[in-house]
Amino acid sequence: MLGLKLPTDPRWVNIVEKNIEDILTDHAFCEQKAASTAISLIVGFPEYTDLVKEMIDLVEEEMSHFKMVHDLILERGWSLGRDRKDEYVLKLLKFFPKGGSRTTQLVHRLLYAALIEARSCERFRLLSEELEDKKLAKFYRKLMISEASHYTMFLNFARQYGNRKEVDVKWQQLLDYEAEIMKDLGKDVTVHG
């Protein structure tokens with residue numbers, strides 16, 4: 001369903017299990033960044049009323065996810081650590097050239113967002129199935145479902161606002177590019193890395 005060309009190496013879960021505090025901190029900031037992305041789409045493209053409405057709901061949902069992750073951190077006696085660079089996203093952003101029409105820029109941003117949500121969904125599925133911590137596994141199962149709906153929402157908006165055939169070609173190219181990126185990732189204590 002997600003269309004990802006290279007699945008996450010299941011051994012990534014072993015890294016996560018040994019570093020739960022770090023992964024929860026990274027996850028919390030991923031949720032915050034997802035809310036920021038939705039806000040930036042509202043600010044950058046206010047004339048797309050249906051997008052704005054969905055992004056308002058998404059901001060609320062992503063911040064509620066941030067709170068849930070933060071609560072898990074506090075329950076375990078930890079505090080929210082510092083945010084770190086997301087190498088995955090930084091590499092992903094190099095795919096599309098800068099510039100172009102506003103519509104092109106919007107479509108590119110929607111495709112990036114769709115892919116990030118798809119990878120998050122795939123990683124959360126893996127955590128839900130493989131983590132020994134059953135409470136955390138159940139938590140990631142719930143979030144996995146949410147991420148899948150975000151992925152399809154962003155991809156559908158890209159197809160709605162761009163030329164469907166061109167968007168589908170770009171989406172496949174982006175998936176191929178992301179698979180190449182993923183060959184070098186999966187060894188870090190981050191949701192995407």
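Just a few scattered comments:
- Each Lys or Arg adds one and each Asp or Glu subtracts one; over the other residues with Cβ under 10 Å from the Cβ of residue 149, this totals -3.
- For the chain, the share of alpha carbon pairs falling in successive 10 Å distance bins from zero is 9, 37, 36, 15, 2, 0 percent.
- Potential extension, residue 14-residue 98 segment - 0.36 nm per residue separation minus Cα distance: 26.5 nm
- Over the chain, relative contact order from alpha-carbon pairs under 8 Å, at least 6 apart, %: 33
- For the pair residue 134 and residue 164 in one chain, pulling the backbone fully straight at 0.36 nm per residue adds 6.7 nm over the alpha carbon distance.
- Panel order for 122, 75, 178, 61, by other beta carbons found within 10 Å of each beta carbon, from fewest to most: 75, 61, 122, 178.
- Acute angle (nearest 10 degrees) that the helix 164-183 long axis makes with the longest principal axis of the chain, alpha-carbon atoms: 30
- Axis of helix 102-130 versus longest Cα principal axis of the chain: the two differ by about 20°, to the nearest ten degrees.
- Stretch gain in nm, segment residue 36-residue 82, where the contour uses 0.36 nm per residue and the Cα spacing is subtracted: 14.9 nm
- Legend: ranking of residues 101, 120 from fewest to most surrounding C-beta atoms inside 10 Å; resulting order 101, 120.
- Residue exposure proxy: 80, 136, ordered by other Cβ atoms within 10 angstrom of their Cβ from fewest to most, comes out as 80, 136.
- Between the helical axis of 20-44 and the longest alpha-carbon principal axis of the chain there is an angle of about 20 degrees.
Throughout, read-outs are computed from the coordinates displayed, never taken from laboratory work. Please read these numbers as outputs of a predicted model, since none were measured by experiment. Cβ sites come from the backbone with ideal geometry, for glycine too, and all protein chains shown count toward neighbours.
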